[in-house]
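*Asks:* This is the structure I have questions about; it appears just below.
Only the coordinates and a few stated rules stand behind these numbers; no lab work does. Nothing here was measured: the structure is a model prediction, and the numbers come from that model. Don't worry about glycine lacking a Cβ; one is built from the backbone with ideal geometry, like all the others, and counts go over all protein chains shown.
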Amino acid sequence: MADETLFELLHLEIVNYVLENNEIKNKEKEAKDEDLSVIEYIGFSTGFRIIERLTKEMPRFKDELDTMKFICTDFWSAIYKKQIDNLRTNHQGVYVLQDNGFRFLTRLSNGKQYLEAAPRYVAFTCGVIRGSLANLNINCLVTAEVQNMPSCKFHIQVQRS
Amino acid sequence: MSRSTTRFDTKKVNSELVTLTYGALVAQMIKDLDSTEDVSKQLERLGYNMGVRLIEDFLAKTGTGRCLDLKDTADKIQTAFRMYLGVQPNVANWSAAGDEFSFVLDNNPLTDLVELPEDLKNLKYCNLICGAIRGALEMVQLDVQSWIVQDQLKGDQNTEIRVKFIRRLEDAMPAGED
């Protein structure tokens, strides 16, 4: 598939489908909350599988930081067509990945108007990150933070046990 | 962050990304919906929504003009297949009246890495493509029907997608406007 549009449209439809499904469920339960966990889970499955195909010919990562660097560079360019702009860590299992022009947000209006809708379009990616890291044996929580579109921060919190 | 960005074959990654994402979506739908018919129907609808937008992208990128006849349309959809799925289907099996034809795909990137379990044998996994064709053509005033005749997932030699021309849509004015 030479074209990237298809993936963007597919992602859009996933968001649409899940939200529509939510609405039907919410009518029954009269709940109002937007449940994005299904989108996240679809992302998780995708990430879990794609990372395996990407890394199958690669040497083992040195450590956690090395893995994160891979996610920020090669992995991000493969999927989001650019590298992460900034990676920060407290060296205790918290990583913050900042993308100043996140692929799924660049098509949305840049103002504040649709900021509320932004979580819908980052949930899939939270899942992708979580799934990929899970397959590399790093269990974590991933949340996203959007303050100014189209920039987005992903917080990764590694769960140690 | 000095690693080169060309480590992966972008084309292949793109293609696998779509395949895997689509697979995850279908799996989720099977969980959500009761019958496989409902899933097939939903997939067609999602495809339709994508097609409605995809045609815009296609026209913008190719700068293509009006089609002269259905044969012309078929050729252009063939180009679209190559652009978006990276495969070139054959246009074949024209009906005598010239209003029905098929796309025959030797391989279908959407079903790479996919296997259907026994209990889902009647799932129309590739209905997304049928929907996309219908949606895209509706935006250029062509009402068509599209369905899957043969499917490699079900052990057929090729994947065959049939398209039937129904009618030309006329521009409908919004009510109250002349």
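*Asks:* Could you calculate the FRET efficiency of B:Asp156 with A:Asp63 from 1/(1 + (r/R0)^6), where r is the beta carbon distance between them and R0 is 51 Å, rounded to 0.05?
*Replies:* For B:Asp156 and A:Asp63, the calculated efficiency is 0.55.
*Asks:* About the Cα centre of the protein assembly as shown, what is the dipole size in debye to 20, counting +1 per Lys and Arg Cβ and -1 per Asp and Glu Cβ, all else neutral?
*Replies:* Taking the Cα centre of the protein assembly as shown as origin, the dipole is about 1200 debye.
*Asks:* Hey, another quick one. Where the centre of each part is set by its Cα atoms, how far does the stretch B:33-61 sit from the stretch A:52-71, in angstrom?
*Replies:* Result: 35 Å between the Cα centres.
*Asks:* Another one. What FRET efficiency comes out for A:Gln98 versus B:Leu113 if R0 is 30 angstrom and r is the Cβ-Cβ distance? Round to the nearest 0.05.
*Replies:* About 0.40, to the nearest 0.05.
*Asks:* For the protein assembly as shown, what mean projected area does the convex hull of the alpha carbons give, in nm²?
*Replies:* 21.6 nm²
*Asks:* A further question on this structure: Given the Cα-Cα distance of A:Asn137 and A:Lys81 and 0.36 nm per residue of separation, how much length would full extension add, in nm?
*Replies:* Result: 17.7 nm gained on full extension.
*Asks:* Where q = 0.08 Å⁻¹, what log10 of I(q)/I(0) comes from the Debye formula for the stretch B:11-168, counting one point per Cα?
*Replies:* Normalising to I(0) and taking log10 leaves -0.22.
*Asks:* Using only Cα atoms, find the angle between the long axis of helix A:37-55 and the longest principal axis of chain A, and express it within 0 to 90 degrees, rounded to the nearest 10.
*Replies:* Rounded to the nearest ten degrees, it is 30.
*Asks:* Report the Stokes-Einstein translational diffusion coefficient (µm² s⁻¹, integer) for the stretch A:36-158, Rh taken as the Kirkwood radius over Cα pairs, at 37 °C with viscosity 0.692 mPa s.
*Replies:* Stokes-Einstein gives a translational diffusion coefficient of 227 µm²/s.
*Asks:* Give me the angle, in degrees from 0 to 90, between the Cα long axis of helix B:70-85 and the longest principal axis of the Cα atoms of chain B, rounded to the nearest 10.
*Replies:* With rounding to tens, the tilt is 20 degrees.
*Asks:* Which distance in nm do the two modelled labels at B:Lys12 and A:Lys56 give, with both placed 7 Å along the Cα-to-Cβ direction?
*Replies:* Computed distance between label sites B:Lys12 and A:Lys56 equals 0.9 nm.
*Asks:* Describe numerically, in nm with one decimal, the distance between label points set 7 Å from Cα along Cα→Cβ at A:Thr89 and at B:Asp171.
*Replies:* 5.9 nm
*Asks:* Chain A: longest stretch without exposed trypsin sites (Lys or Arg not before Pro) (DSSP loop, at most 12 other Cβ within 10 Å), sites themselves excluded?
*Replies:* A:113-159
*Asks:* Something else about it: Arranged by the count of other C-beta atoms within 10 angstrom, fewest first, what order do A:Cys72, B:Cys67 take?
*Replies:* Sorted ascending by nearby Cβ count, the order is B:Cys67, A:Cys72.
*Asks:* Scan chain B and report its longest stretch carrying no trypsin sites (Lys or Arg not before Pro) that are both in a DSSP loop and have at most 12 other Cβ atoms within 10 Å.
*Replies:* In chain B, the maximal stretch lacking such sites is B:1-65.
*Asks:* Within chain B, what's the longest stretch lacking GluC sites (Glu not before Pro) that sit in DSSP loops with no more than 13 other Cβ atoms inside 10 Å?
*Replies:* The segment B:1-114 is the longest one with no such site.
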